[in-house]
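Contents: one structure, followed by commentary.
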Amino acid sequence: MKRGFALYVVFLLLFTVALSWYLTKPKVLYVGLFAGSNWDVPEGDSYAMLEAAIERFEKEHPGVKVKYVSGIRKDDYSEWLAEQFLKGTEPDVFVVPGADFDLYAASGALYPLARSASVDASFDASVYYKSALDYGKWQGQSYALPVGAVPTLMFVNKSLLAREGIAIPANNWTWHDFMQICRAVTRDTDGDGRIDQFGVYDYTWRIAALTNGIKFFSADGRTANLADKKMEEVLRFMQEIHEVNQGQEVQAKDFDMGKVAFRPFTFAEYRTYKPYPWRIKKYSSFEWDCIKLPAGPSGRNSSLIQPMLMGISARSHEQRLAWELLKTICYDPAVQELMLTKTQGLPARRDVVESPQAQALFNEATPGSEEMNLKTVSEVMDDSITPSKFARCLEALHLADNKLQHIIREKDSLSSALSQVQKEINAYLQQ
Amino acid sequence: MDAAVKSEGKSRLLRTHGLLVWYNGLVVLLMAGFMSITQEKIISAMAARSFLATIPIVPLPTAKGFSLAVGSYVLLMLLGSLCRRRNLSNKNLYFVIMAEIVTCLILMHSLNLGYDGVVLVVVADLMFRYQGKNQGWLLLVTMLGLYFMASYNLALFQSHVAPFDAYAAYYRSDVQAVLWAIKNGLSSLNIIIFVFYMVLLVQDKHDEKERIASLNKQLGEANDRLRAYALEAEHTAETRERNRLAREIHDTLGHALSGIATGLDACIVLVDAAPEAAKAQLAKIRETARRGIVDVRRSVKKLRPDDLEKLPLRQAVEKLIFEYSASSGMQTKLVVLGWPKDLRPDVEDVIYRIVQEGITNANRHGQATEVVITIGTEPGRLYIIMADNGKGCAELKDGFGLRHMRERLELLHGRLRYWNDKGFTLEAVIPLGKAGEQVEKQGDEHI
């Protein structure tokens, strides 16, 4: 009896000591992110926005420190993150590369955000662009929040169109308009018998399919949707573009020298190359701007967006604080606004993008972009889809690239060729 | 010699179990070590991302996974040794078994189901405590459950562990072949040890059953012998008692009677010739008869009940009543209205026997639950009335007990009456002398 009591007292004492140690130890949250832009454009200070968010967070949560490891290159980040997970030292809040999102969500490494979001009255997921928010979902559950996103737009060489006497197309233009302009500008300007002015560069079947209302894969990533009428329209259009160039491949150099009228361009690229230092360096010989992508006969002027995601580790000891930090970075309007000034992306919150001061901030941060209306960009964002991100989608798309490229060049019978491609890709996906 | 064989079998069983436990510990250590080292190698070889892509979960960090595996195995060993303790209560045993199963699952999970041999260690413990039919279903369910959980092919679990293949796939294909061979070899050896242990265990249980059966047989034989001996002893005591009685009769009555007979012969001769001498002779004969009576009394005294020997009559009767009611549950009440003094031993004897017989009858034949015994004195006599609330006596004919009582009383010139009245009532009257003592003469004549 006496011994039992002593044991009980010792246990109680140890428990108290452990509890007080746990409660009083300084709390440190770690953030994982890479140096450089998420959208592969040169970026000045890649940690500026995070630093600002951390400052806000630490002010609101005294006694909590936020740390991050700097200097991890974007190319190494995926491996670095995997290593941290294997070592058990993964950060509490971290950027989830799109290609790795399914992997981590499926393996239970990501904290299901609904657990915190459903009890957090100050959080409302509907402020995000739907496609950006959905990009952070796996099997209907939200595992990551979008920090920012960039849509794909169409670069227009204003100087070239002016020279040819063609007006800049409106934002609701179609493939038909697009094709007409391409035909009009594609010609031999110096009379050497070779075509040296082109309609479009880097316009791929993927972008065409996107603007013609095609989803490449079924939701579960087990089958491809490449053998229908819409896809035939896409390929016919691609063949036409190919024909206009009379078999000649357009080079990046032609574009840089201002000899191409159009090129799909991400919003991040637009923001990077539009202001002063880069403009001089890269596209100095002509005036240019961006408009929406042309709509196909069965599609709309929609766009592909690439969101940047951040999630919380399921093994984090401070999930409540991690959620608060994630909210500060991805949800706090003041921090979201910093996306416009500190990075080349666009905030993931629609209300921030559409706010009056956003346009001013944007114009200030991106000189020379006065004609770019954020309202238009916001429309693009609303009407956009995100790339597939299941495990084998990249390989499947590469496979499709090769096959379709061949079809476009050989002008085979479209429907039978397409169903053949469909069969091969399905076989690959279901391996 | 039997015990030596048995203890040798026991120690062989224990040794095999020890081997099973330590062998599994070694394999767990090897597996956990292999996985930890491989994981470290994967990290240093910058293959973490592609490794993660091949497994459905994020594995535990190296040190954590290793210590979880080793720690849970140590816990399993402790629980196992607890489970084998004989003095464990059934409730605690179930608790320990449950804890053991849970620990086993944690262990297997921490080894990513790469090694399921530990299940056999748990099964060995369960089998060790297997006690009979009622636990059979429990054992079956547990074993099936463990088997399914351990089953590598179970999709449910496979999607929650990083399989051994994923770890092995890090190495060159020839190394992989060796790794698989080692892994399968370790598993097979474990099964061999387990089967060997089970054979020994079954043998041990069988031996034990045999031993118990043979002990049972021996016990039965000893019982029979003991019964025969008891009969014999009873018989011997009876014979001895008879001999003693015979001797006693011969020594006392025989002696006195032969003396009286001889004296009377002399009287017959003398009575006419010398009446005075005959008178004197008769006086001598009377003396002899008196001595004989004294001797007979002494003999009878030796045959009295033990309690009466040691205690005064009243205490002896009270004790008799108390003990009987205590042992039979019948309520017995003694009412004493008067108690004679200086009773002769044979009268005491009769009183004691009547009370004893009366309450026995009331309980046995009348099935009474209550009996009131009244003892009182009237001038010149003593009476005992025993009234019970039993079912009475239908025919009121002298049973053996009643006849016995009557005979005893008649020897003292007493009388016995009985009737049915809300039960059965019995009245015994014994004449007494004036001073509470019987007339000397009467008493002399009726011993």
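The values are calculated or read from the model by the stated rules, or taken from the named source; none is laboratory data. Note that the structure is predicted; figures quoted are calculated from it, not measured. Backbone-built Cβ (ideal geometry, glycine too); neighbour counts: all protein chains shown.
Out of all the residues in segment A:361-374, is one or more among the β-branched types (Val, Ile, Thr) and farther than 30 Å from A:Val200 by Cβ? No. Return the residues of segment A:70-127 that are of a type in the set (Gly, Ala, Ser), closer than 21 Å to A:Asn38 by Cβ and within 10 Å of another protein chain (Cβ to nearest Cβ); say none if nothing qualifies. Matches in segment A:70-127: A:Ser78, A:Ala82, A:Ala99, A:Ala109. Within segment A:8-61, being out of contact with any strand residue (DSSP E or B) (no Cβ under 7 Å at 6 or more places or on another chain), more than 30 Å from A:Phe265 (Cα to Cα) and assigned to a loop (DSSP other than H, G, I, E, B) holds for A:Lys25, A:His61.
Applying the set (1) without any contact (Cβ under 8 Å) to a residue 60 or more places away in the chain; (2) surrounded by fewer than 17 Cβ atoms within 10 Å (Cβ to Cβ); (3) over 30 Å from A:Lys423 (Cα atoms) to A:Ser159 leaves exactly one unmet item: (1). Candidates are the residues of segment A:385-408 that are among the basic types (Lys, Arg) and modelled with pLDDT under 80; the one that is nearest to the chain's Cα centre (by Cα) is A:Lys389. Working carefully through the options B:Leu29, B:Leu20, B:Leu60, find the one that is surrounded by 15 or more Cβ atoms within 10 Å (Cβ to Cβ), at pLDDT 90 or above and under 60 Å from the mean Cα position of the chain (by Cα). Only one candidate passes the filter, namely B:Leu20.
Return the only residue of A:Ala208, A:Ala184 being surrounded by fewer than 17 Cβ atoms within 10 Å (Cβ to Cβ), of a type in the set (Gly, Ala, Ser) and assigned by TED's automatic domain parsing to the domain that holds A:Lys230.
Of A:Ala208, A:Ala184, the one residue that is surrounded by fewer than 17 Cβ atoms within 10 Å (Cβ to Cβ), of a type in the set (Gly, Ala, Ser) and assigned by TED's automatic domain parsing to the domain that holds A:Lys230 is A:Ala184.
For segment B:266-295, name all the residues that are of a type in the set (Gly, Ala, Ser) and surrounded by 14 or more Cβ atoms within 10 Å (Cβ to Cβ). Those that are of a type in the set (Gly, Ala, Ser) and surrounded by 14 or more Cβ atoms within 10 Å (Cβ to Cβ): B:Ala266, B:Ala277, B:Ala278, B:Ala289, B:Gly292. Looking at segment A:138-155, is at least one residue assigned to a loop (DSSP other than H, G, I, E, B) and among the hydrophobic types (A, V, I, L, M, F, W, C)? Looking for residues that are assigned to a loop (DSSP other than H, G, I, E, B) and among the hydrophobic types (A, V, I, L, M, F, W, C), one finds none in segment A:138-155, hence no.
Of all the numbered requirements in (1) of a type in the set (Asp, Glu); (2) in contact (Cβ under 8 Å) with a residue 24 or more places away in the chain; (3) within 10 Å of chain A (Cβ to nearest Cβ), B:Glu100 misses one, and that requirement is (3).
One residue stands out in segment A:245-264 among those that are touching a Ser or Thr at 6+ places or on another chain (Cβ under 7 Å) and crowded, with 18+ Cβ neighbours inside 10 Å: the one that is nearest to A:Ser303 (Cα to Cα), namely A:Pro264.
Being among the aromatic types (Phe, Trp, Tyr), in contact with a Phe, Trp or Tyr (Cβ under 9 Å, 6 or more places away or on another chain) and either more than 10 Å from chain A (Cβ to nearest Cβ) or surrounded by 19 or more Cβ atoms within 10 Å (Cβ to Cβ) (or both) is true of B:Phe51.
Picking from residues in segment B:32-44 that are more than 10 Å from chain A (Cβ to nearest Cβ) and free of Cβ contacts under 8 Å to residues at least 60 places away in the same chain, the one that is farthest from the chain's Cα centre (by Cα) is B:Ile37.
In segment B:54-67, the residue that is farthest from the other protein chains (Cβ to nearest Cβ) out of those that are more than 20 Å from A:Phe390 (Cα to Cα), outside any loop (DSSP other than H, G, I, E, B) and of a type outside the set (Gly, Ala, Ser) is B:Phe66.
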